[in-house]
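The values are calculated or read from the model by the stated rules, or taken from the named source; none is laboratory data. Predicted model only: the values in this text are computed from it and were never measured. Cβ placement follows ideal geometry from the backbone for every residue including glycine, while neighbour counts extend to all protein chains displayed.
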Amino acid sequence: MSDTGNEPRYETRTVRAVRGLEARTRTKVEADGWEFVSQDQGRVQTTLTFRRPAPKSRRLLIIIGGTALVLILATIITVGVINERSSPVDAEPTTTAEPSEPMDTPSATPTPTPTEEVPAVNPASNEEVLAAFQGFVNERAAANVLVARAVTSVTFENGVVRIVIDPTSVGVDESSFREVVPFENLAEIFITPMAFNDDIGPRLRASVGSVETVDAAGASRGARTTEWVIQANELE
């Protein structure tokens, strides 16, 4: 029979990433000491599972400490019984002298605990917002991602990033576009620049209220708010 007491124990962590950016997310999490285990790819997002060795159990220390406490209590009880048997029956009770001066009492007013100040996030400027989202579109288009190649403009006004998508601009009809890009809400693809806690992500979330996608005629192809991005990616 094998000894399983020395087998390593692991703690696991799951992270959700937008499809197409799994490698980027995996690299970031592995940099924090996590080992990649598996991934479950959904229509919109991919769930990545990681693990790392769990901290060593302190159970042995607790057992040793408990045993020592039992031995100390047993010694005290034994000494008490011996002293009781050896003491004379008519011994005078011991009296305790009252202190000559009153003891100082602690102040009733608690000492205030200093609170840790959370550094404020510096919102991204309009130029930084446009550069981040246009940069993501360019990166995906360079990787021959159809939905990115079909983007004809990226604008930012009043907290809204507006992305115009026209499949005909790259010679693709609507039916063929839907077969290749089966997303009901195209904004879920383009929220990626602010879906991470990297250098720019929190600053983008402080400036952008929502991301909207529309077709060439202005009809909506889906929108997502920054609040949705925070909840969907479990960001703080």
Among the residues of the range 205-222, is any crowded, with 17+ Cβ neighbours inside 10 Å, assigned by TED's automatic domain parsing to the domain that holds GLY159, part of a helix (DSSP H, G or I) and not hydroxyl-bearing (Ser, Thr, Tyr)? yes
PRO110 fails exactly one of the following numbered conditions: (1) at pLDDT below 95; (2) within 28 Å of the chain's Cα centre (by Cα); (3) not small (Gly, Ala, Ser). What is the number of that condition? (2)
Out of the residues in the range 179-195 that are closer than 18 Å to LEU130 by Cβ and not β-branched (Val, Ile, Thr), state the one that is surrounded by the fewest Cβ atoms within 10 Å (Cβ to Cβ). ALA187
Can you tell me which residue in the range 223-236 is farthest from SER125 (Cα to Cα), limited to those that are crowded, with 17+ Cβ neighbours inside 10 Å and modelled with pLDDT under 95? ASN233
Number of positions in the range 122-158 that are surrounded by 13 or more Cβ atoms within 10 Å (Cβ to Cβ) and farther than 25 Å from ARG178 by Cβ: 9
Can you spot a residue in the range 141-160 that is in contact with a Gly (Cβ under 9 Å, 6 or more places away or on another chain), assigned to a helix (DSSP H, G or I) and in contact (Cβ under 8 Å) with a residue 60 or more places away in the chain? no
